[in-house]
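Take a look at the structure below.
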Amino acid sequence: LIVIPTSRERVGDTAYDVLVLLNDVSEWKRLERMRSEFVANVSHELKTPIAAIRGFAETLLDGDVDAETQQSFLRTIYDESNRMSNLVTDLLELSKLEGAEHLIQPGRVVLQEIVEQAVHRLRPEAEKHQVTLEAEPSGDLTVWGSAERLLQVFLNLLSNAIYYTPSGGKVTVWTDVLVDRVKVHVTDTGIGIPEADQERVFERFYRVDRARSRASGGTGLGLAIVKHIINAHGGQVGVSSEVGRGSDFWFTLSRLEGALQEVQS
Ligand code: ADP
């Protein structure tokens, strides 16, 4: 809002004080555009599975399908309803994260324990894709944050890495310990991301290959959630990648020991 000082104008016998108010609406317009784009995206993302479910259910209701086709239609209906359920879960998650600046119930988190939990949970998925999953020991690194949220960060990054890595490839979690921070890497030997897309993959609903993401049951929100969680911890996220060679997703967190050492010294 810009207020230009008053000036005195005379119309006929009467003198008026003139006050000019200039209100910059560009930021408001930008937010409004983002909001309506988001609603359009969500609607589109929900419409696609609904259309598939309706179409297949209609054909089944017509009754003129053999047992094998019936099974495959039911499988699609099941997969599509799973996708909708994932989408709603991720949307709720994002809106919770956007609503609260602070982290819910933060505490002292031993990074190694979180990595182990995530790797344990995703080991079957990695085996199914024939991808080697390795976590290099990171010592007893501790950070201040939410164990639940950080687990989610690892689950999202690792499940992407596994999915976007062809069989025979490798996914590694490793850490780069700096004085006051730790840089955590999730590196894969997968398909990689073109340079032009690297900045944008953290945006909501941005996908390099829509069909491939769909086939994974992905929502296009996983990395946006990762970014929100890490930013809420005061850290940063990024990716470096080369098409055909693989990707290195990284994020930083403040080290508790580092902070304590600094206070002591
Ligand atoms: P999705 O549900 O589509 O995986 P994400 O937000 O997790 O959504 O990721 C956004 C996009 O970033 C993906 O659709 C994919 O194109 C790309 N991507 C994410 N992780 C990787 C990876 N490890 N290797 C290659 N591409 C990736």
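Points to keep in mind about this one:
- Restricting attention to the range 84-137 and to residues that are part of a loop (DSSP other than H, G, I, E, B) and at pLDDT 90 or above, the residue that is surrounded by the fewest Cβ atoms within 10 Å (Cβ to Cβ) turns out to be Gln130.
- Within the range 10-52, the residues that satisfy the criterion of being assigned to a loop (DSSP other than H, G, I, E, B) and open to solvent by 70 Å² or more (accessible area, probe 1.4 Å) are Asp13, Asn23, Asp24.
- Meets criteria (charged (D, E, K, R) and open to solvent by less than 60 Å² (accessible area, probe 1.4 Å)) for Asp209: no
- Among the residues here, Thr69 qualifies as without any contact (Cβ under 8 Å) to a residue 60 or more places away in the chain, out of contact with any Cys (no Cβ under 6 Å at 6 or more places or on another chain) and more than 30 Å from Glu203 (Cβ to Cβ).
- Of the residues in the range 169-183, at least one is assigned to a loop (DSSP other than H, G, I, E, B) and within 11 Å of the ligand (Cβ to nearest atom).
- Residue-level check: of (1) more than 15 Å from the ligand (Cβ to nearest atom); (2) part of a helix (DSSP H, G or I); (3) open to solvent by 30 Å² or more (accessible area, probe 1.4 Å), Trp144 misses just (2).
- Summed over the range 218-239, residues that are in a loop (DSSP other than H, G, I, E, B) and more than 8 Å from the ligand (Cβ to nearest atom) total 4.
- Count of the range 153-168 residues, restricted to those that are more than 12 Å from the ligand (Cβ to nearest atom) and surrounded by fewer than 23 Cβ atoms within 10 Å (Cβ to Cβ), is 2.
The values are calculated or read from the model by the stated rules, or taken from the named source; none is laboratory data. This one's a predicted model, so the numbers in the text were calculated from it and none came from an experiment. When we count neighbours, we look across all protein chains shown, and the Cβ atoms used for this are built from the backbone with ideal geometry, even at glycine. What goes into the accessible areas is simple: the full protein's heavy atoms, side chains included, and nothing from ligands, DNA or RNA. Shrake-Rupley method; radii C 1.70, N 1.55, O 1.52, S 1.80 Å.
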